[in-house]
1. Given the criteria in contact with a strand residue (DSSP E or B) (Cβ under 7 Å, 6 or more places away or on another chain), β-branched (Val, Ile, Thr) and over 30 Å from Leu184 (Cα atoms), does Val90 qualify?
2. Would you mind finding the one in Glu141, Glu100, Glu165 that is of a type in the set (D, E, K, R) and touching a Lys or Arg at 6+ places or on another chain (Cβ under 8 Å)?
3. Being more than 30 Å from Thr183 (Cα to Cα) and either open to solvent by 30 Å² or more (accessible area, probe 1.4 Å) or at pLDDT below 95 (or both), is that true of even one residue in region 98-110?
4. Residue under question is Asp194, and the condition is that it be open to solvent by 80 Å² or more (accessible area, probe 1.4 Å), more than 18 Å from the chain's Cα centre (by Cα) and of a type in the set (Asp, Glu); does it hold?
5. From the list Leu155, Leu164, Leu137, which residue is open to solvent by less than 50 Å² (accessible area, probe 1.4 Å), among the aliphatic types (A, V, I, L, M), over 16 Å from Ala110 (Cα atoms) and out of contact with any Phe, Trp or Tyr (no Cβ under 6 Å at 6 or more places or on another chain)?
6. Do we find that Glu80 is open to solvent by 50 Å² or more (accessible area, probe 1.4 Å) and either modelled with pLDDT of 95 or more or touching a Phe, Trp or Tyr at 6+ places or on another chain (Cβ under 6 Å) (or both) in this structure?
7. Could you list all residues from region 165-210 that are basic (Lys, Arg) and modelled with pLDDT under 95?
Amino acid sequence: MDAVIKKIMPPSEYLEKPVTDRPTEAEVEAAVRTLLRWTGDNPEREGLIDTPKRVTKAFREMFNGYDMCPADELGRTFEEVAGYDDLVIVRDIKFHSHCEHHMVPIIGKAHVGYLPDGKVVGLSKIARVVDIFAHRLQTQEAMTAQIAGVIQDVLNPRGVAVMLEAEHMCMAMRGIRKQGSTTLTSTFTGVFKDTPEEQIRFVTMVRAGG
């Protein structure tokens, strides 16, 4: 199967970084030490002495989505698909993100489907798009819309369907403290948005593997 690599001109929202003047690692480590002191602990004790460095390294990994463009992941497509133009679904894509309100984890899975229009994209690229958006501060609603939006904008399929299921630690660890509650969001574009039967087919296929 031959791949077609095309020049992608994604919307600027997928390329721009919210901040260009990032603090240095030393400044980040100093901020972590301040937070440790604010909790009431001693950042100089043995168990915490290297915590600022560890947190800085962990944040760089957990929030590396700001350094990547999800549209780039969709630039390589395949046109030799034997005329296949029906629903493609990548189901149960596990992800972890962080709530932009409290900076605590969101843990869940994504289900992404689209109706090709002459070309398909590698299945791993769909999962990669989910990860890039997840590795940013998020709300589940925004992340759902972002995943669908970039796939629609770049691949230009006949329609995109996205469903996210996630548990929010801001509900489980603080505030109301309800463990096990799941938030479900979905969005549809193109044929999926205009045809309820296609929405039902997508949800039925997702649930069939549950």
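1. Working: in contact with a strand residue (DSSP E or B) (Cβ under 7 Å, 6 or more places away or on another chain): yes; β-branched (Val, Ile, Thr): yes; over 30 Å from Leu184 (Cα atoms): no.
The answer is no for Val90.
2. Numbers: Glu141 fails: touching a Lys or Arg at 6+ places or on another chain (Cβ under 8 Å); Glu100 fails: touching a Lys or Arg at 6+ places or on another chain (Cβ under 8 Å).
The unique qualifying residue is Glu165.
3. From region 98-110, those more than 30 Å from Thr183 (Cα to Cα) are none; that's our starting set.
The answer is no; no qualifying residue exists.
4. Working: open to solvent by 80 Å² or more (accessible area, probe 1.4 Å): yes; more than 18 Å from the chain's Cα centre (by Cα): yes; of a type in the set (Asp, Glu): yes.
Considered against the rule, which asks whether it is open to solvent by 80 Å² or more (accessible area, probe 1.4 Å), more than 18 Å from the chain's Cα centre (by Cα) and of a type in the set (Asp, Glu), Asp194 comes out as yes.
5. Details: Leu164 fails: over 16 Å from Ala110 (Cα atoms); Leu137 fails: open to solvent by less than 50 Å² (accessible area, probe 1.4 Å).
Answer to the check: Leu155.
6. Details: open to solvent by 50 Å² or more (accessible area, probe 1.4 Å): yes; either modelled with pLDDT of 95 or more or touching a Phe, Trp or Tyr at 6+ places or on another chain (Cβ under 6 Å) (or both): no.
Answer is no for this residue.
7. Taking region 165-210 first, the residues basic (Lys, Arg) are 174, 177-178, 193, 201, 207.
Scanning region 165-210 gives Arg174, Arg177, Lys178, Arg207.
The values are calculated or read from the model by the stated rules, or taken from the named source; none is laboratory data. Values in this document were obtained by computation on a predicted structure and should not be read as measured data. When we count neighbours, we look across all protein chains shown, and the Cβ atoms used for this are built from the backbone with ideal geometry, even at glycine. In case anyone asks, the SASA skips ligands and DNA or RNA and just uses the protein heavy atoms, side chains included. Shrake-Rupley method; radii C 1.70, N 1.55, O 1.52, S 1.80 Å.
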